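The values are calculated or read from the model by the stated rules, or taken from the named source; none is laboratory data. Since the structure is predicted, the reported quantities are computational estimates derived from the model, not experimental observations. Positions of Cβ are backbone-derived with ideal geometry, glycine not excepted, and every protein chain shown enters the neighbour counts. Calculation scope for accessible area: heavy atoms of the full protein, side chains included, ligands and nucleic acids excluded. Shrake-Rupley method; radii C 1.70, N 1.55, O 1.52, S 1.80 Å.
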Amino acid sequence: MSEQEQSPTLPFPAERLPRHVAVIMDGNGRWAKRRGWRRVRGHEEGAESVRVVVRTCRRLGIPYLTLYAFSEENWARPQAEIAALMKLLERFLRRERDEMLERGIRLNAIGSIERLPASTLALLRQVMADTAAGEHMTLTLALSYGGRQEIARAARRLCQEVAAGALRPEEVDERAVAERLDTAGLPDPDLLIRTSGELRISNFLPWQLAYAEFYFTDTLWPDFREAELIQALASYAARERRFGKTSEQIAGEET
Ligand code: IPE
Ligand code: IPE
Ligand code: MG
């Protein structure tokens, strides 16, 4: 086993790892600007962090990782930056395909992906199809993703089904909504990480994060590597999730 393959040592029991980690990868532009470089350099370096975080989660046995790569609102950025981001995404998909296959990683996407440029979308669909049998980890990329838009789409579907007589209004419950979101079939995230010091969720998974633990760090995404990830996981491991119950009840459940 090469050094790279070794499982990182954890400062807490592996049972306390989250099952689903979601990340708002923010701060690429500022990382580059601080060095007097173009913003795109930050996105390039950020892609390296993506590699590291995917590999580390895979090695730790975290079964679900969801990365906010491009928001529906990001379409308002300068055309040149959007084009560079799409090229980087294509490069990432080409470079990582074999490794995802090798490591049993299934690639998944959420968001209005039909808005992506045709070449990017075709490649994305290809890699998703190629890796569909991956059983060890589901890597979900949120691309052209907006949470409110996703909820509105699910509501529209429910209305269409009711109008068609396929569903009764009384059957519309939390589960019925969840099943019509892009994330249908994925468990809710246990841990949300946001880098770069911003304290907001920017339209990322508003439904699914209802009971997630939040971890905010000032570290900019290109600087977020294995040590920073382990620190976030350690913070999560030390928390008590009560889901509305009392601390005493939770202690009782654990013993
Ligand atoms: C995150 O970094 C990447 C995307 C949103 C695509 P930013 O590009 O938002 O970097 P900052 O926030 O301007 O530093
Ligand atoms: C959120 O970052 C979107 C992604 C990380 C892809 P932004 O940089 O777009 O968020 P705001 O606009 O500052 O909230
Ligand atoms: Mg940003």
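Percent relative contact order of the chain, based on C-alpha pairs within less than 8 angstrom and at least six residues apart?
Values: 379 pairs, mean separation 68.7, N = 255.
27 percent.
Listed values for segment 119-130 are Karplus-derived 3J(HN,Hα) couplings in whole Hz (6.51 cos²θ - 1.76 cosθ + 1.60, θ = phi - 60°), namely 5, 5, 5, 4, 5, 4, 4, 4, 5, 5, 5, 4, and x replaces Gly and Pro. Only helical runs count toward this figure. For the chain, summing -39,500 (n - 2.57) over DSSP H runs of n ≥ 4 and dividing by all residues gives -13500 deg cm²/dmol at 222 nm. Highest GNM mean-square fluctuation among PRO222, PRO169, PRO63, for the chain modelled with Cα contacts below 10 Å: PRO169. In order along segment 108-114, the phi-based Karplus estimate (6.51 cos²θ - 1.76 cosθ + 1.60, θ = phi - 60°) of 3J(HN,Hα) comes to 9, 9, 10, x, 7, 5, 5 Hz; Gly and Pro are listed as x. Bridge orientation summary for the chain: considering DSSP beta bridges with both residues in this region, about 0 percent are antiparallel. Working note: Karplus 6.51/-1.76/1.60 with θ = phi - 60° gives segment 200-205 the couplings 8, 9, 6, 6, 9, 6 Hz, where Gly and Pro are set to x. The gain in end-to-end length when the ARG200 to ARG115 segment is fully stretched comes to 28.1 nm, 0.36 nm per residue minus the alpha carbon separation. Note on the chain: dipole from Cβ charges, positive end direction compared against ALA184, ALA164, PHE204; the farthest Cα belongs to PHE204. Distance between the C-alpha centres of segment 226-255 and segment 128-207: 24 Å, rounded to the whole angstrom.
With a 1.4 Å probe and all protein chains left in place, how much of the accessible area of the chain comes from carbon and sulfur atoms, in whole percent?
On the way: 6470 of 13110 Å².
The value for the chain is 49 percent carbon and sulfur by accessible area.
Once a ≥ b ≥ c are taken as the square roots of the eigenvalues of the Cα gyration tensor of segment 1-160, is the result rounded (a/c under 1.5), prolate (a/b larger than b/c) or oblate (a/b not larger than b/c)? Since a/c reaches 1.5 but b/c is at least a/b, the shape of segment 1-160 is classed as oblate. Subtracting the Cα-Cα distance of VAL52 and TYR211 from their residue separation scaled by 0.36 nm leaves 54.6 nm.
At 1.4 Å probe size, with every protein chain present, just tell me what the per residue accessible area of the chain comes to in Å².
51
Extension gain, ARG242 to ALA152: 0.36 nm times the residue separation minus the Cα-Cα distance gives 29.4 nm.
All other residues whose Cβ lies under 13 angstrom from that of ARG38 are scored, Lys and Arg at +1 and Asp and Glu at -1, for a net of +3. How much FRET efficiency would the formula 1/(1 + (r/R0)^6) give for ARG19 and ARG225, where r is the Cβ-Cβ distance and R0 is 22 Å, rounded to 0.05? Efficiency at R0 = 22 Å is approximately 0.50. Per residue, the average separation of C-alpha pairs within less than 8 Å and at least 6 apart gives segment 91-166 a relative contact order of 39 percent.
How big is the equivalent ellipsoid of segment 134-228 along its three axes, where each semi-axis is √(5λ) from the Cα gyration tensor, reported in whole Å from largest to smallest? Write out the running numbers ahead of the final one.
Values: eigenvalues 205, 41, 26 Å².
Values for segment 134-228, descending: 32, 14, 12 Å.
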